[in-house]
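A short write-up of the structure that comes next.
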Amino acid sequence: MKKFLQSKVFKLIASVGLAILIFFICPPCYSKMWLGGILALLLIFINASDFFARFTWLTHVCRFLVGGLFIFSGWIKANDTVGFGYKLEEYFEVFKEATGWGMFESFAHIAQPLATVICISEMALGFLLLIGLLRNLTLWLLMLQIVFFTFLTFYSACFNKVTTCGCFGDFLVLKPWTSFGKDVVLLVLITLLFVGKENINPLFNRNFINTSLATVFVILSTWFPIYTFRNLPVKDFRAYAPGKSICDGMKPGPKFKPAVYESRFIYKNIKTGEKKEFTDKNYPWQDTLNWAYDSALGSMEITPAEDAPKIVDFSLSDMDGNLITDSILNMKGYSFYIVYWNLDKAENDASVHARINDFYELCKKNNIPIMALTSSSTDQINDFKHKHNALYDFVSADGTVLKTMIRSNPGLMLMKDCKVIANWHYNNWPSFSETKDNYMK
């Protein structure tokens, strides 16, 4: 039996069976032609492994492509570990809503530490692959990781649930289908690495050198996402980064064209049982003898916006619900925003709030406007003020926007004439004299 399980016949039967299963359970949102082509390619590589393993150069090309991309992807995510955690939390919340499974809610609660682990593993695995250390373990972990991300991006694209993947943070924002295509390419490349794994050997003859390099790189890969989690991104790619104007970010470019959307539906053929995707322009609502409504895929973007505004949801209201966006953004001179995207989840250390209160008092004495932005309710604000003796005024804003503005809860932003001058994590809350001497000139 063991001999049969290790035979080429069993590998062929198992791989073909799995391919057929994937082909038939795949939702109709993805082209069967493309799916069939991808599965056929993978079957050829898997079952003709002896042939492809002869091409040592092919293994090494795949090795450097996969290793380099994993290191780069992990580094970009680690540059904004908090933002990547938000994206994972968004995925898990979508899965919880779709399946009703409580485990996804549990995953959402650990999204931030999970994001850190994924960043570390991507960078570490990419480097281990490049130097050829722990070959089998590295390949299996790479395969598990790419299967996980391929599923995430496919679900996101097929059901239009998460509009950007977060694969490369805010450095390169990919649409779901583009991201899925990238993951499919990586899946094929990693499959080729399995095929030619005997060609992957340690980069240096001395194991001590390989082990030392790997140890140093893993330490650095662990330190970097932890550092950015406790501080702000080293390189800020967002529309609210220091040096950028919020007012300019809200304006469309000179070649602006709005996105075009269409509604899509799944109808089931009453006679054959076939499920087919239709749009709001061609769905067979009158052909009740052959087609019956099955489900809605929602509104999907068919033509992306061109030269669109970088900031689309920035809106501020006072506690009575009155819009005050223009009056706040058009203030002349310097002002400060204390950003609390959620008061209940804000840092609770009393020393942090003592520094904030002192900062507020000094701003008040120097006639510099300072206000807190939050998405929390009036009751939450009142409870927070009472608990932390906060005397500053609160302004209401969208929570997702506040998360995007600064990766800290709370965080501090220095503004001048609608332009972001500087920002700080609560772990690095500055003194008033520091900001005045170094930034307010």
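Among the residues of the range 200-210, which ones are of a type in the set (S, T, N, Q) and within 34 Å of the chain's Cα centre (by Cα)?
Our first condition is that a residue be of a type in the set (S, T, N, Q); within the range 200-210, this holds for 201, 205, 207, 210.
Within the range 200-210, Asn201, Asn210 meet the criteria.
Which of the numbered conditions does Thr81 fail, given that it passes all the others? Conditions: (1) under 24 Å from Phe171 (Cα atoms); (2) without any contact (Cβ under 8 Å) to a residue 60 or more places away in the chain.
(2)
What pairs come up if the first residue lies in the range 16-39 and is without any contact (Cβ under 8 Å) to a residue 12 or more places away in the chain, the second is assigned to a helix (DSSP H, G or I) and of a type outside the set (D, E, K, R), and their beta carbons are under 8 Å apart, counting only those six or more places apart or on different chains?
Final answer for the pair search is Cys26/Leu35; Lys32/Phe23.
For the range 303-313, which positions are out of contact with any Gly (no Cβ under 8 Å at 6 or more places or on another chain) and surrounded by 13 or more Cβ atoms within 10 Å (Cβ to Cβ)?
Correct list: Ala305, Val312.
Could you check Ser408 against (1) surrounded by fewer than 21 Cβ atoms within 10 Å (Cβ to Cβ); (2) at pLDDT 95 or above and say which number it fails?
For Ser408, the exception is condition (1).
Quickly run through the range 197-237 and pick out the residues that are among the polar types (S, T, N, Q), more than 21 Å from Gly74 (Cα to Cα) and outside any helix (DSSP H, G or I).
Asn201, Asn205
Going by what's in this entry, would Lys332 be described as within 24 Å of Ile421 (Cβ to Cβ), at pLDDT 90 or above and among the basic types (Lys, Arg)?
On the way: within 24 Å of Ile421 (Cβ to Cβ): yes; at pLDDT 90 or above: yes; among the basic types (Lys, Arg): yes.
So Lys332 fits the description; yes.
Please verify whether Phe204 is of a type outside the set (Lys, Arg) and either free of Cβ contacts under 8 Å to residues at least 24 places away in the same chain or crowded, with 20+ Cβ neighbours inside 10 Å (or both), treating the condition exactly as stated. Even if it seems obvious, please write down each step before you answer.
Numbers: of a type outside the set (Lys, Arg): yes; either free of Cβ contacts under 8 Å to residues at least 24 places away in the same chain or crowded, with 20+ Cβ neighbours inside 10 Å (or both): no.
No: the conditions fail for Phe204.
Answer with yes or no whether Leu125 is closer than 27 Å to Ile226 by Cβ, within 18 Å of the chain's Cα centre (by Cα) and buried (at least 22 other Cβ atoms within 10 Å of the Cβ). Lay out the reasoning, then the answer.
Details: closer than 27 Å to Ile226 by Cβ: yes; within 18 Å of the chain's Cα centre (by Cα): no; buried (at least 22 other Cβ atoms within 10 Å of the Cβ): yes.
It is false that Leu125 is closer than 27 Å to Ile226 by Cβ, within 18 Å of the chain's Cα centre (by Cα) and buried (at least 22 other Cβ atoms within 10 Å of the Cβ).
Of the residues Val352, Val339, which single one is crowded, with 17+ Cβ neighbours inside 10 Å, under 33 Å from the mean Cα position of the chain (by Cα) and aliphatic (A, V, I, L, M)? Step through it out loud before you land on a result.
Working: Val352 fails: crowded, with 17+ Cβ neighbours inside 10 Å.
One residue alone meets the criteria, Val339.
In the range 239-270, how many residues are small (Gly, Ala, Ser) and not in a loop (DSSP other than H, G, I, E, B)? Outline the logic, then answer.
The first filter runs over the range 239-270 and keeps only residues small (Gly, Ala, Ser), leaving 239, 241, 243, 245, 249, 253, 259, 263.
Within this subset, residues satisfying the condition of being not in a loop (DSSP other than H, G, I, E, B) are 245, 249, 263.
Qualifying residue count for the region: 3.
For the range 257-274, does any single residue satisfy the condition of being of a type outside the set (Ser, Thr, Tyr), in contact (Cβ under 8 Å) with a residue 40 or more places away in the chain, in contact with a His (Cβ under 9 Å, 6 or more places away or on another chain) and farther than 28 Å from Asp170 by Cβ?
Within the range 257-274 (the criterion being of a type outside the set (Ser, Thr, Tyr), in contact (Cβ under 8 Å) with a residue 40 or more places away in the chain, in contact with a His (Cβ under 9 Å, 6 or more places away or on another chain) and farther than 28 Å from Asp170 by Cβ), the answer is no, since none of the residues qualifies.
For the range 95-116: of the residues being of a type in the set (Gly, Ala, Ser) and in contact with a helix residue (DSSP H, G or I) (Cβ under 8 Å, 6 or more places away or on another chain), which is surrounded by the most Cβ atoms within 10 Å (Cβ to Cβ)?
Narrowing the range 95-116 to residues of a type in the set (Gly, Ala, Ser): 98, 100, 102, 106, 108, 111, 115.
Narrowing the set further to residues that are in contact with a helix residue (DSSP H, G or I) (Cβ under 8 Å, 6 or more places away or on another chain) leaves 98, 102, 108, 111, 115.
Working: Ala98: 12, Gly102: 9, Ala108: 19, Ala111: 19, Ala115: 25.
By that ranking, first place goes to Ala115.
Any idea which residue in the range 223-261 is farthest from Thr288 (Cα to Cα), counting only those that are touching a Ser or Thr at 6+ places or on another chain (Cβ under 8 Å) and loosely packed, with under 13 Cβ neighbours inside 10 Å?
Of everything passing the filter in the range 223-261, Val234 is farthest from Thr288 (Cα to Cα).
Pick out, from the range 1-115, the helices (runs of 4 or more DSSP H) lying fully within it that include 3 or more residues that are at negative phi and in the same structural domain as Val188 (by TED's automatic domain parsing). Even if it seems obvious, please write down each step before you answer.
On the way: elements: 2-5, 8-25, 32-47, 49-52, 56-79, 81-99, 102-109.
Result: 32-47, 49-52, 56-79, 81-99, 102-109.
Determine which member of the set Leu192, Leu220 is farther than 28 Å from Gln112 by Cα and either surrounded by 13 or more Cβ atoms within 10 Å (Cβ to Cβ) or under 30 Å from the mean Cα position of the chain (by Cα) (or both).
Working: Leu220 fails: farther than 28 Å from Gln112 by Cα.
Leu192 is the lone residue from the list that is farther than 28 Å from Gln112 by Cα and either surrounded by 13 or more Cβ atoms within 10 Å (Cβ to Cβ) or under 30 Å from the mean Cα position of the chain (by Cα) (or both).
Tell me which of these Pro369 doesn't satisfy, since it passes every other one: (1) in contact with a helix residue (DSSP H, G or I) (Cβ under 6 Å, 6 or more places away or on another chain); (2) in the same structural domain as Ser408 (by TED's automatic domain parsing).
Here Pro369 meets the rest and fails (1).
The values are calculated or read from the model by the stated rules, or taken from the named source; none is laboratory data. Just so it is clear, the model here is predicted, and its values are computed rather than measured. Note that each Cβ is placed from the backbone with ideal geometry, even for glycine, and that neighbours are counted across all protein chains shown.
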